[in-house]
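Please read the structure below before turning to the comments.
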Amino acid sequence: MATLFIADLHLNVHEPAITAGFLRFLARDAQQADALYILGDLFDAWIGDDDPQPLHANVADALHQLQQRGVPCYFIHGNRDFLLGKHFATQAGMTLLPAEQVVECYGRRILIMHGDTLCIDDAAYQKYRRRVHNPIIQWLFLRLPLRLRLNVAAKMRAASQQANQHKSQQIMDVNPQAVQACLRKCAVNTLIHGHTHRPALHRVMTQSGEAQRAVLGAWHEQGWMIKVTADDTALISFPF
Ligand code: OKV
Ligand code: MN
């Protein structure tokens, strides 16, 4: 049996092939799994559960069906869909998890997270993150009319694209010390995350021995998953 982890699908109406690939994944691979963990950025943008996009309802229905067929589904927020709330989670039959969670898989303790909190060298991003994660700011934003939220969000995405053009690849990757600190704090030797869009299985040396950092890929040209079984962690890509 296997537990599946995915992240960074960035579902949006302009790339229907990715959505189609995800719905196929849910109907096939995920159906055979013991559980499915979505580690953030399932959607490319999220401005509130009241956004009436058919894409959201279709994805919720497909996820709910999976849960109904006996595959529990868990969700950790990404940096893009951090506003995804209880209402959508209920519609999708998903359990919302905190930003960092240790899960036990076949006797192994595995730390899961989105991964953006490991990118501490990107000071501008971390400052932005603290602002939009402020509960008061979120409360205020969610009370704006939907039209205004759509407008603000589009402007923020355009500004962010501009800013990222000038950031180096290293600044946007994880900080090795932050990885070490997380592994130690949670007393685990396996970490699974997404966000960086650099799929790989890394060996990490820690004070308590060898650890593994498994990084998910983004769903651009193909899908990506990490498949954990009793004795293996596999990084797998597949066509849509
Ligand atoms: C998601 C990112 C846009 C990065 C805005 C308060 C504020 C929430 C929001 C608006 C934007 C999410 C919710 C989006 C991620 C961007 C641009 C860069 C780097 C406020 C609370 F500030 F206006 F009060 N937002 N959207 N970015 O379009 O999905 O992650 S979003
Ligand atoms: Mn991300």
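The values are calculated or read from the model by the stated rules, or taken from the named source; none is laboratory data. Treat the numbers as computed from the prediction; the structure is a model and nothing was measured. Methodologically, a virtual Cβ is constructed for each residue, glycine included, from the backbone with ideal geometry; neighbour enumeration extends over all protein chains shown.
Inside the stretch 164-199, can you point out the residues that are within 16 Å of ligand 2 (Cβ to nearest atom) and among the small types (Gly, Ala, Ser)? 178, 194, listed by residue number. Checked against the criterion of being of a type in the set (A, V, I, L, M, F, W, C) and under 25 Å from residue 232 (Cβ atoms), the candidates 27, 45, 20, 57 yield just one match: 27.
Counting only strands (runs of 3 or more DSSP E) that fall entirely inside the stretch 53-125 and contain at least 2 residues that are buried (at least 21 other Cβ atoms within 10 Å of the Cβ), the qualifying elements are 73-75, 108-113. Show the residue pairs meeting these rules: Cβ distance below 7 Å; 6+ apart or different chains; first residue within the stretch 146-157 and within 16 Å of ligand 2 (Cβ to nearest atom); second residue modelled with pLDDT of 95 or more and of a type outside the set (Ser, Thr, Tyr). What qualifies is 153/45; 153/47; 157/45. Taking the condition aromatic (Phe, Trp, Tyr) and away from ligand 2 (no atom under 16 Å from the Cβ), does residue 74 pass? Answer is yes for this residue.
Please enumerate the residues belonging to the stretch 194-235 that are surrounded by 14 or more Cβ atoms within 10 Å (Cβ to Cβ) and of a type in the set (Gly, Ala, Ser). 194, 211, 214, 217, 218, 223, listed by residue number. On the given criteria, is residue 183 modelled with pLDDT of 95 or more and either touching a Cys at 6+ places or on another chain (Cβ under 8 Å) or farther than 18 Å from residue 104 by Cβ (or both)? So residue 183 fails the test.
Of all residues in the stretch 27-52, those that are farther than 19 Å from residue 77 by Cα and crowded, with 18+ Cβ neighbours inside 10 Å total 3. Taking the condition within 16 Å of ligand 2 (Cβ to nearest atom), at positive phi and not aliphatic (A, V, I, L, M), does residue 115 pass? The answer is yes for residue 115.
Only residues that are within 16 Å of ligand 1 (Cβ to nearest atom) and under 13 Å from the mean Cα position of the chain (by Cα) were counted across the stretch 80-121, and they come to 11.
Only one of the listed residues (45, 20) is at pLDDT 95 or above and part of a helix (DSSP H, G or I). That residue is 20.
Tallying residues that are over 14 Å from the mean Cα position of the chain (by Cα) and not hydrophobic (A, V, I, L, M, F, W, C) within the stretch 65-79 yields 6.
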